[in-house]
Every structure is written in structure tokens, then in C-alpha cells.
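The values are calculated or read from the model by the stated rules, or taken from the named source; none is laboratory data. Bear in mind the structure is a predicted one, so any value in this text is a computation, not a measurement. Positions of Cβ are backbone-derived with ideal geometry, glycine not excepted, and every protein chain shown enters the neighbour counts. The protein model used for the area step is the full one, side chains on, heavy atoms only, and it has no ligands, DNA or RNA in it. Shrake-Rupley method; radii C 1.70, N 1.55, O 1.52, S 1.80 Å.
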Amino acid sequence: RVCPVRGAAATRGRARPDMDLFGDLRRMNKRQLYYQVLNFAMIVSSALMIWKGLIVITGSESPIVVVLSGSMEPAFHRGDLLFLTNFHDDPIRAGEIVVFKVEGRDIPIVHRVIKVHEKGNGNIKFLTKGDNNEVDDRGLYKEGQNWLEKKDVVGRARGFLPYVGMVTIIMNDYPKFKYALLAVMGAYVLLKRES
Amino acid sequence: RKNVEDFTGPRERSDLGFVTFDITADILNGKNSIFDWNVKQLFLYLSAEYSTKNNALNQVVLWDKIMLRGDNPRLSLKDMKSKYFFFDDGNGLKGNRNITLTLSWNVVPNAGILPLVTGSGHVSVPFPDTYETTKSY
């Protein structure tokens, strides 16, 4: 006996609007679930590709960074977003805003270059300082380290957007918010139906 | 100019320079002002650029100032001493005839590109051939 379930479902009208969600869940079969998951995977892959593309175009391992401290106020505040480039042939010059990592530490720092000493062979050593700090960054460098070199640079700040990076900071400080956001996104993607 | 142990970092004897300067600047107001609706502040800085035996290119920021939109756009600073210690990486200031002082500024927008502009005027300053021993700064 074949029960034409599909046909019956198509002709049955939408009974009650608030029961729709559960009705959808029951009617969704495996094929539709796989389709939704693939759709989601495609969106994630595209986003990753765009990010990798930016890394290639800008030459920086982290082309977009969020400002974490107030050491560059009033120019940049915590939560601002910075866009970086790191072209190999770009020289490091006094006054530039660079994002660098101290050896052994993960957190990038955004400060301004205040001293540059470059040798004839292209070897550069430089010193940085936050606009809002009284002293230069030697206290932040590694023990015994007095200068930064090109290899410590993540990129040069070329453009910026205020406030936008706050989302990342909130997600870091309140992991529950991050999980809630992911749960909502996951639910939306899996339950969304293309009519 | 003196030759002292660089107490700001590397413990080697390096040349320490003392520079006094005047700055007059007039940031245009009105239609062609650099302070348009998208400019939050200007970060001005005076840098000294020179060559030494040790290093082909040296740049040291001597003084800086943050000028917010709405601040007095006229700068008339006289007899200023450098805000930061002018230490060379080595002994390249003694007898150096060509230290170029330039005023530059970083335009910080409300949102957008961060340009770095160098002023077109610049001043060349020579350092004497001997060290100062007694001068009080």
C-alpha cells in the first residue's frame, strides 16, 4: 500500500500559523536537510575564500584587526577596526602606524613608529610608541630587546572604521554571547526554507 | 650635543642631540580646509632625518602634537625643546652637517583611509664638530 503523503501534504492548507515551525520540522526530510547544510557550508567557504584572498592581496597575515586598548586614543578606541597592508617593498618610516607582534606573544599591538635606523643593505630597526602613552614601547618588547624589525610587523594601518570591531571584543569577553549567536545563526540556516 | 650612555634603551654610548625650534603653521579654515567633515584629528610630528656612517637612513621624531577638529588651527610655537630624546644609533651626530627637519602629519578620519602627509618645507640643521660639556639644557 502506497500512501501518497506528499500529495496530501501539498493540498492540505496551512492550518494554524503558530504550528508552522513544528510542521516544517516534521515534514523536512533528509534530502532537504542535506541541502540546507550544503548551502551553509557554501556560505562559510565563500567567507573563508574572501579572507584568504585579502591575505594574499594585502600581504598581511591579518589584514583586518580590532583595536584592543586605548593606547592610541584619541585616534583609535577599543573596538575600532583597522585595515592593514604589508607590502614587502614598503619602507618603514617615522610617523607610520604599524601593527606588530612581540616575539613569543600572540596579541598584536597598534602603535606609531617614532625612530627608524636603516642600513644601506635594507636592514631596518625601529622603535614604536602609543600616542596616548607617556613612554616608548621598550617596556613591551622582549627582555633585552630594544628595537623592532620588519619580521615583527603584521602590517601598516591604511584605513579604519570606528566601533565595528566591538562585536569581536564582546564575543571574546562573554563566550555565552558567542554561543548564543552561533546557535541562532545555526537555527536560522537550518530552518530557513526556500519557497 | 653630547655623547652619553643612551639611557632610553641600548646601554651604549651614543650621540645625544639637543635641538631648539620654532614652528609656525596655519591650518587653513573654510572651504579648502584640511579639517573637512570626515577629519577627526591631525597627528602632527616634527622629524629629523639624516645619514650616518652606521646607518644610511635615520629618522627620529622630536616632537608631536594632536590637533583635534575644532582646536585652534594656528600654531605659533617658539623656542621649543624636543619632546623626545634625540639619541642616534651610534656617534653619527658629531660633525653631521645635514640634519633635515620636516613637519608631517597623519590625517585621522572619522572613518576611511589614513593618509600620511609630509610638509613641503623643510629645514637643514648642522651639528657642531665637538661635544658640549658644560651647557645646561
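Taking the options A:112, A:156, name whichever one is basic (Lys, Arg), under 20 Å from residue A:64 (Cα atoms) and touching a Lys or Arg at 6+ places or on another chain (Cβ under 7 Å). Give the steps one after another, and end with the answer.
Working: A:156 fails: touching a Lys or Arg at 6+ places or on another chain (Cβ under 7 Å).
Going through A:112, A:156 in turn, just one is basic (Lys, Arg), under 20 Å from residue A:64 (Cα atoms) and touching a Lys or Arg at 6+ places or on another chain (Cβ under 7 Å): A:112.
Please go through the range B:49-74 and give me each residue that is under 15 Å from the mean Cα position of the chain (by Cα), open to solvent by less than 20 Å² (accessible area, probe 1.4 Å) and more than 10 Å from every other protein chain (Cβ to nearest Cβ), ordered by number.
B:50, B:63
So, in the range B:75-114, how many residues would count as being at the interface with another protein chain (Cβ under 9 Å from one of its Cβ atoms) and at negative phi?
Final tally of qualifying residues: 13.
Count, please, the residues in the range A:79-107 that happen to be touching a Pro at 6+ places or on another chain (Cβ under 9 Å), open to solvent by less than 10 Å² (accessible area, probe 1.4 Å) and not in a loop (DSSP other than H, G, I, E, B).
Total satisfying the criteria: 3.
Identify the residue in the range A:136-195 that is assigned to a loop (DSSP other than H, G, I, E, B) and in contact (Cβ under 8 Å) with a residue 60 or more places away in the chain and, among all such residues, is farthest from the other protein chains (Cβ to nearest Cβ). Walk me through it before giving the result.
Here is the first cut: in the range A:136-195, the residues assigned to a loop (DSSP other than H, G, I, E, B) are A:136, A:140-147, A:162-165, A:174, A:192-195.
Imposing the further condition that a residue be in contact (Cβ under 8 Å) with a residue 60 or more places away in the chain reduces the set to A:162-165, A:192-193.
On the way: A:162: 6, A:163: 9, A:164: 9, A:165: 12, A:192: 32, A:193: 38 Å.
Among those residues, the one meeting the criterion is A:193.
If you take the residues of the range A:149-195 that are surrounded by fewer than 13 Cβ atoms within 10 Å (Cβ to Cβ) and basic (Lys, Arg), which of them is modelled with the lowest pLDDT? Steps first, answer last, please.
Keep residues of the range A:149-195 that are surrounded by fewer than 13 Cβ atoms within 10 Å (Cβ to Cβ), which gives A:151, A:163, A:172-176, A:179-180, A:182-188, A:191-195.
Going one step further and asking which of them are basic (Lys, Arg), we end up with A:151, A:176, A:192-193.
Working: A:151: 90, A:176: 87, A:192: 69, A:193: 62.
Filtering the range A:149-195 for residues that are surrounded by fewer than 13 Cβ atoms within 10 Å (Cβ to Cβ) and basic (Lys, Arg), the one modelled with the lowest pLDDT comes out as A:193.
Kindly indicate which of A:76, A:126 is within 27 Å of residue B:52 (Cα to Cα) and open to solvent by less than 30 Å² (accessible area, probe 1.4 Å).
Values: A:76 fails: within 27 Å of residue B:52 (Cα to Cα).
After ruling out the rest, the residue left standing is A:126.
Let's see how each residue does on (1) at pLDDT 55 or above; (2) more than 20 Å from residue A:191 (Cβ to Cβ); (3) not assigned by the TED database to the domain that holds residue A:186:
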residue	(1), (2), (3)
A:4	no, yes, yes
A:29	yes, no, yes
A:37	yes, no, yes
A:45	yes, yes, yes
A:49	yes, yes, yes
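Is it the case that the range B:81-88 has a residue that's more than 29 Å from residue A:76 (Cα to Cα), touching a residue at least 40 places away in the same chain (Cβ under 8 Å) and surrounded by fewer than 18 Cβ atoms within 10 Å (Cβ to Cβ)? It would help to see each step written out before you state the result.
We begin by selecting, within the range B:81-88, every residue more than 29 Å from residue A:76 (Cα to Cα); these are B:88.
Add one more test, that the residue is touching a residue at least 40 places away in the same chain (Cβ under 8 Å), and what stays is B:88.
Adding the requirement that they be surrounded by fewer than 18 Cβ atoms within 10 Å (Cβ to Cβ) leaves none.
No: the range B:81-88 contains no residue that is more than 29 Å from residue A:76 (Cα to Cα), touching a residue at least 40 places away in the same chain (Cβ under 8 Å) and surrounded by fewer than 18 Cβ atoms within 10 Å (Cβ to Cβ).
Would you mind stating whether residue B:92 is more than 25 Å from residue A:97 (Cα to Cα), of a type outside the set (A, V, I, L, M, F, W, C) and in contact (Cβ under 8 Å) with a residue 40 or more places away in the chain? Before you say what the answer is, go through the steps one by one.
Numbers: more than 25 Å from residue A:97 (Cα to Cα): yes; of a type outside the set (A, V, I, L, M, F, W, C): yes; in contact (Cβ under 8 Å) with a residue 40 or more places away in the chain: yes.
Yes; evaluated as a whole, the condition is true for this residue.
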